[in-house]
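This report concerns only the one structure given below.
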Amino acid sequence: MTNRNPVETLANTRHEFGEHGGVNMSIEASTTFTVMHSNTMPDIFGGKKGPDQGGCYLYGRHFNPTVYTLSKQLAALEGTEAAYCTASGMSAISATLMQLCDQGDHIVSSNAVYGGTYALMHDLFPPKTGIASTFVDITDLDAVEAAITDRTRVIYTESMANPTLRIANIPRLSAIAKRHGIKLVVDNTFSPLILSPIKLGADIVIHSMTKFISGASDYIAGAICADTEFIQQLMDLHTGMLMVLGPTMDPQVAFNINLRIPHLPIRMVEHAKRTQLFAERLQEMGMTVSYPGLSSHPDHELISELHCPDYGYGGILTLDMGTVETANELLDMLQNEYHFGYVAVSLGYFDTLMSCSGSSTSSEMTDKDKAAACISPGLVRLSIGYTGTSEQRWSQLSEALKRMGAVPEQRIA
Ligand code: PLP
């Protein structure tokens, strides 16, 4: 099964003009909008006469034209009817899950998810909302199905897991979700363009646009891509999680992220090219490296079937350095002596970002849950950038590994 390349839909969607015929969309800075005939206010307020139904925009927390234009591009990227952008990836996740689940409902979640997502379901939801979650190995489809109860509303997974890089079998998970009449929600932050979860059967796709989509580590932003009905539910005046809780994206942020969408495909190709090269060489050196583009990766065959080959296997690899001390020694050396990248959380930046997941972005997880998800203490996540030349960056990485004695003896040329 080969994915379509979403850039064609994206290119058509982008063909809009700015307010004065500009090649860029306009920034609509107004928080509120003029209603020309007061008697139309009730319909506009009730969501019956929005800008696409002959009415007008109402208020920026509801729909802002600039945010809306970016949202349409996200819908095109993910092949959904609609989408809406939010102030962060976490607000996109929390709004989606709270919209789908009522008090007492249940989520079956992958046990390898971003630490903030784990905290939301593991620590925040139970006392604050009464929504319970069971964490399972998402690659064990029998375990997923066995965890479903009559209160389960959602199967939640990351398409490419943070930080384990395990790949969700979206078509098979979708079949399970459909059999039980529940929703499959997929966080596609690690693999925009590479994987198209909706085409593979997911119901809702979430992005932290803070990462690859923005690409410059300068904005916190999120998106929810779904059918029109679900996006409208999120905007409901009484029970809409975006409308009432209000994690609204600033139009200036929407405008700036919009400027990066056209080169997202080029960036994803370059991230993947370099990550594949480094992963292969690290493997040759005898390092414990994990990357979905290596045939040694447990899900290599699966992702090869599901992905859009134009974008390879993503921009992230992991190196298991054994202990947190060795991992930290490597990170400090790579940053402070070799200038290979930055010791920083996050990913999808044009420079390389490196962190030890167990003590950073997965630190919310209990030691037991980290072990169950195979997040070992020495696991280093590298989001490979594309600055400098590949060979320059490779010599920085390989020299540091050799100098600290991390390369198995016989492999040193
Ligand atoms: N989803 C994934 C896979 C992430 O890695 C992150 C953050 O690292 C988030 C969601 C949360 O996104 P944000 O920081 O934009 O709220």
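Descriptive notes on the structure:
- From S133, S88, S94, S110, residue being over 14 Å from V185 (Cβ atoms) and polar (S, T, N, Q): S88
- Test result for A95, assigned to a helix (DSSP H, G or I) and away from the ligand (no atom under 16 Å from the Cβ): no
- Of residues in segment 3-50 being assigned to a helix (DSSP H, G or I) and in contact with a helix residue (DSSP H, G or I) (Cβ under 8 Å, 6 or more places away or on another chain), the one nearest to P192 (Cα to Cα): V7
- F135 at pLDDT 95 or above, part of a strand (DSSP E or B) and within 16 Å of the ligand (Cβ to nearest atom): yes
- The single residue among V144, V154, V136 that is closer than 24 Å to S304 by Cα, in contact with a helix residue (DSSP H, G or I) (Cβ under 7 Å, 6 or more places away or on another chain) and open to solvent by less than 10 Å² (accessible area, probe 1.4 Å) turns out to be V144.
- The helices (runs of 4 or more DSSP H) found entirely in segment 309-413 that carry 2 or more residues being hydrophobic (A, V, I, L, M, F, W, C) and buried (at least 20 other Cβ atoms within 10 Å of the Cβ) are 324-332, 390-403.
- In the set (1) closer than 30 Å to P171 by Cα; (2) open to solvent by less than 30 Å² (accessible area, probe 1.4 Å), the condition left unmet by K273 is number (2).
- Residues in segment 189-207 that are within 16 Å of the ligand (Cβ to nearest atom) and either among the β-branched types (V, I, T) or surrounded by fewer than 21 Cβ atoms within 10 Å (Cβ to Cβ) (or both): T189, I194, I204, V205, I206.
- The requirement of being polar (S, T, N, Q), within 22 Å of the chain's Cα centre (by Cα) and at pLDDT 95 or above is satisfied by S346.
- Residue in segment 333-349 that is outside the structural domain of S214 (by TED's automatic domain parsing), of a type in the set (F, W, Y) and within 16 Å of the ligand (Cβ to nearest atom) present: yes
- Under the condition of being in a loop (DSSP other than H, G, I, E, B), under 24 Å from S357 (Cβ atoms) and either more than 14 Å from the ligand (Cβ to nearest atom) or open to solvent by 10 Å² or more (accessible area, probe 1.4 Å) (or both), the residues counted in segment 163-188 number 3.
- Residues satisfying the stated conditions in segment 72-92, i.e. over 15 Å from the mean Cα position of the chain (by Cα) and in a helix (DSSP H, G or I): K72, Q73, A76
- Residue within segment 51-71 that is assigned by TED's automatic domain parsing to the domain that holds A226, farther than 20 Å from P247 by Cα, open to solvent by less than 60 Å² (accessible area, probe 1.4 Å) and part of a loop (DSSP other than H, G, I, E, B) present: yes
One line per residue, one yes/no per condition, for (1) more than 25 Å from M268 (Cα to Cα); (2) of a type in the set (A, V, I, L, M):
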position: D351; (1), (2): no, no
position: S359; (1), (2): yes, no
position: A371; (1), (2): yes, yes
position: R381; (1), (2): no, no
position: T389; (1), (2): no, no
position: S398; (1), (2): no, no
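- Residue pairs meeting the criteria (Cβ under 8 Å; at least 6 apart or on separate chains; first closer than 16 Å to E158 by Cα, in segment 78-94; second assigned to a helix (DSSP H, G or I) and β-branched (V, I, T)): M90/T117; I93/T117
- Some residue of segment 209-222 being away from the ligand (no atom under 16 Å from the Cβ), open to solvent by 10 Å² or more (accessible area, probe 1.4 Å) and part of a loop (DSSP other than H, G, I, E, B): no
The values are calculated or read from the model by the stated rules, or taken from the named source; none is laboratory data. The model shown is predicted, which means the values in this text are computed figures rather than measured ones. For neighbour counting, all protein chains shown are included, and Cβ atoms are generated from backbone atoms with ideal geometry for every residue, glycine included. The area values use the complete protein model at the heavy-atom level, side chains included, leaving out ligands, DNA and RNA. Shrake-Rupley method; radii C 1.70, N 1.55, O 1.52, S 1.80 Å.
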